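To start, the structure under review is shown below, and the notes come after it.
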Amino acid sequence: MGKLSDAIYEVHYMDTIAGIDSPIHRVHPLVKLIVTVAYIWFTVSFNKYDVTGLITMVVYPVALFSLSGISFGHSIKKLRVILPFVILMGILNPFFNREPLFLLYGITITEGMVSGLTLLIKGILTVLGGYLLISTTRIEAICYALNLLRVPEILVTQILLTYRYITVLLSEANHIFEAYSLRAPSQKGIHYKVWGSLIGQLLFRSIDRATGLYDAMVLRGYNGNFRHSQLPKARWQDSAYLLVWMAAFAVLRYTSLTALIGSLFVR
Amino acid sequence: MHMADALLSPAVGGAMYAASAVTAIYSVKKVKEDFSPKKVPVMGVMGAFVFAAQMINFSIPGTGSSGHICGGILLAALLGPYAAFLSMIAILLIQCLLFADGGILALGCNIWNMAFYACFFGYFCLYKPIIKNGMSRAKIVLASVLGCVLSLQLGAFSVALETTISGISELPFSVFVAAMQPIHLAIGTIEGLITAAVLIFVFETRPELLNAEATENKFSLKKVLVIMGIVVVLVGGALSLVASSNPDGLEWSIGQVTGKDELDTDVSVHAALADVQEKTAVLPDYSFGNDNIAGTSFSGIVGSGLVAGLCILLAVIFGVYKKKKKADVEKT
């Protein structure tokens, strides 16, 4: 099944690109997490008719793509998951709000058109913000950052274990589905008569695996507490990274930089 | 149903993060109460199981389309509601980070819309009351379908509410809801049936895997009331925020026909009744006189609370009457 093998590939791919070395990859995970959340926060806080202000927020993804060496092409794939819904909402805006805003070469631009456009830009920028976090930070490091933020240990462990077991269970599900497809070649999905038994089998295998995993963990000294791998301590560069981005976001959000630049050229 | 960051305002995103965080802290506390080290890997693997199982397509008989399993109810039936809620958080976080399915700011909303309603509302208010006296195939089907349908309906309704309150989309609330609810009614029914099929298989082959607490003949009305209360307060409060910006459907139609928001009531009986209503209403016209958001929101919460209170009162009266009738029958 394409969907399952695609997902397995995706997890491995993200794990690989998060593990490469670059100045951005070396930034402390907690700092990257805070900067990402701040970026998304500032981006969505723009007024729905402020296209020119919003455009300036593109600085962050452009800087990070070039500094980290992450390919932009792959991130487009991520956009296709959430973007159709955002596009649909954005396309509907011009129909529901027809208040004219200004004239552009004889064409009336309505409030709905502008708000639809900002919605689309916000959609792209926020997905890119999230993508840049996960493609430059391993999930273990994000869990370490959550730990520093005092997120309960049990929840952090849960995220870590779920992530580790996703590929194992995805390939298990893939085996089951492939075996089924070979016996029922012309079917699009699972026949309703075997809905229960097929997933039930996957469930039993998962539980047996969990038992095996628990035994293995106990043999290695597990007593209910999960030990995180040691990560480097925050350096001065990390503080500088945080300060620079926070200042940049505040400037981009609260000053009309595009208007300022524009006024230099237009009298 | 995963929401994107672009559809939310920071205030709505932050508020939903807070609501989900409080529920998560409470769930962590409850899971720790009967904590066994073995539970952690089981929860992790079960989270991964739901993640993988959600990617399998099930063909729906008679149609060309396919459905998925409803993760929240299945996990709650297997692990119990608190552990299921934590597992769902892990699943939603990984979906958001790795697959860009749902935004980082929208995570609080997504946890609330997909995990809270299924794990708490679906489990405590529907699943558990139905199967509390022992399981059977019919009960599992009923509990799963009702649990999935209603938790998905609430989730879809919340998506529309959160988007409208954020004020990003120009789509009117009524149009959004009219589009969301019927689709999710169909999705919920199919997800409920698939969940039921899996639970029946587990029940018939390895029943010890199901959360034993659900079948204990112990029905906690307090829990049901607390969850219903949270749902009523949140949905009611949010709905009145929407109502404050969009006039009520009836008032709107009146406005379209007469050009005024309310009909003139110069007939003496109407005038007298209106006068009585004006005097007795604690919150005239659902607000504190002026149109402030806090006022409308507060009156929405109060109104919802009163409706909920009335329902509870009726249920209690009905329960007492039923008990009395049963006692009378036993006597004779």
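Cut-off 12 Å, label point 7 angstrom out along Cα-to-Cβ of A:Ser197: give me the residues of the range B:186-203 whose amide nitrogen falls inside.
B:201
Sort A:Leu182, A:Leu33 so that the residue with the fewest other Cβ atoms within 10 Å of its own Cβ comes first and the one with the most comes last.
Ascending Cβ contact count within 10 Å gives the list A:Leu182, A:Leu33.
Within 10 Å of each Cβ in B:191-200, how many Cβ atoms from other chains are there, averaged over the peptide?
Whole-number average of other-chain Cβ neighbours for B:191-200 is 4.
Sorted by packing (mean other beta-carbon atoms within 10 Å per residue), highest first, where do A:141-152, B:176-187 land? Could you put the intermediate results ahead of the total?
Numbers: A:141-152: 18.2, B:176-187: 16.1.
Order by mean packing, descending: A:141-152, B:176-187.
What does the structure give for A:146-159 when I average, per residue, the other chain Cβ atoms found within 10 Å of the residue Cβ? Kindly include the intermediate steps, with their values, before the conclusion.
Working: counts 1, 0, 0, 0, 0, 5, 8, 3, 11, 11, 1, 6, 16, 10.
That average works out to 5.
Restricting to DSSP H runs of at least four residues, report the calculated mean residue ellipticity at 222 nm for chain A, -39500 (n - 2.57) per run over all residues, nearest 500 deg cm²/dmol. All intermediate terms of the calculation are to be shown ahead of the outcome.
Values: 11 runs with 191 residues, N = 267.
That calculation yields -24000 deg cm²/dmol at 222 nm.
Using the beta-carbon distance between A:Leu104 and A:Val251 and R0 = 30 Å, what value does 1/(1 + (r/R0)^6) give for FRET efficiency, to the nearest 0.05? Please report the intermediate quantities before stating the final value.
Working: r = 28 Å, r/R0 = 0.93.
Approximately 0.60, to the nearest 0.05.
Under a plain spin-label model, where a point goes 7 Å from the Cα along Cα-to-Cβ, how far apart in nm are A:Ile87 and B:Ile183?
Between A:Ile87 and B:Ile183, the simple spin-label model gives 1.5 nm.
Once label points are set 7 Å from the Cα along Cα→Cβ at both A:Ile261 and A:Glu178, what is their separation, rounded to one decimal in nm?
5.0
If you find the alpha carbon centre of the range B:156-182 and of the range B:82-131, how far apart are they in angstrom?
Between the Cα centre of the range B:156-182 and that of the range B:82-131, the gap is 20 Å.
Using θ = phi - 60° and the Karplus curve 6.51 cos²θ - 1.76 cosθ + 1.60, what whole-Hz ³J(HN,Hα) does each residue of the range A:167-176 get, with Gly and Pro shown as x?
5, 4, 6, 5, 6, 4, 4, 4, 4, 4
Nothing charged except the Cβ atoms of Lys and Arg (+1) and of Asp and Glu (-1): what's the magnitude of the dipole of the range B:5-219 about its Cα centre? Round to the nearest 20 debye.
Computed charge dipole of the range B:5-219: roughly 600 debye.
Label 7 Å along Cα→Cβ of A:Ile34; the range A:237-259 residues with amide nitrogen under 16 Å?
Only A:237-250 fall inside the zone, counting backbone N under 16 Å.
B:Glu33 label point, 7 Å along Cα→Cβ, cut-off 11 Å on backbone N: hits in the range B:114-130?
So the set is empty, nothing qualifies.
Expressed as a rounded percentage, what relative contact order does chain A have, with Cα pairs under 8 Å and six or more residues apart? It would help to have the intermediate numbers written out before the result.
Details: 217 pairs, mean separation 87.1, N = 267.
Relative contact order for chain A comes out at 33 percent.
What order, most packed first, do the peptides A:83-89, A:39-45, B:77-83 have when packing is the mean number of other Cβ atoms within 10 Å of each residue?
Ranked by mean Cβ neighbours within 10 Å, highest first: B:77-83, A:39-45, A:83-89.
Per residue of A:5-18, what is the mean number of Cβ atoms on other protein chains within 10 angstrom of that residue's Cβ?
1
If r is the Cβ-Cβ distance from A:Ala234 to B:Ala138 and R0 is 60 Å, what FRET efficiency results, to the nearest 0.05?
0.55
Tell me, A:His25, A:His74 in order of fewest to most beta-carbon neighbours within 10 Å?
A:His74, A:His25
Given 0.36 nm per residue, what is the gain on full extension from A:Val59 to A:His74 after removing their alpha carbon distance, in nm?
On the way: separation 15, 0.36 × 15 = 5.40 nm, distance 1.89 nm.
Result: 3.5 nm gained on full extension.
Counting other beta carbons within 10 Å of each residue's own, what order do A:Val244, B:Val232 fall into, fewest first?
A:Val244, B:Val232
At 7 Å along Cα-to-Cβ for each site, give me the label-to-label distance between B:Ser174 and A:Tyr9 in nm.
Modelled inter-label distance: 4.7 nm.
Coordinate-derived values only; no laboratory data. All values reported here derive from a predicted model rather than from experimental measurement. Cβ atoms come from the backbone with ideal geometry, glycine included; neighbour counts cover every protein chain shown.
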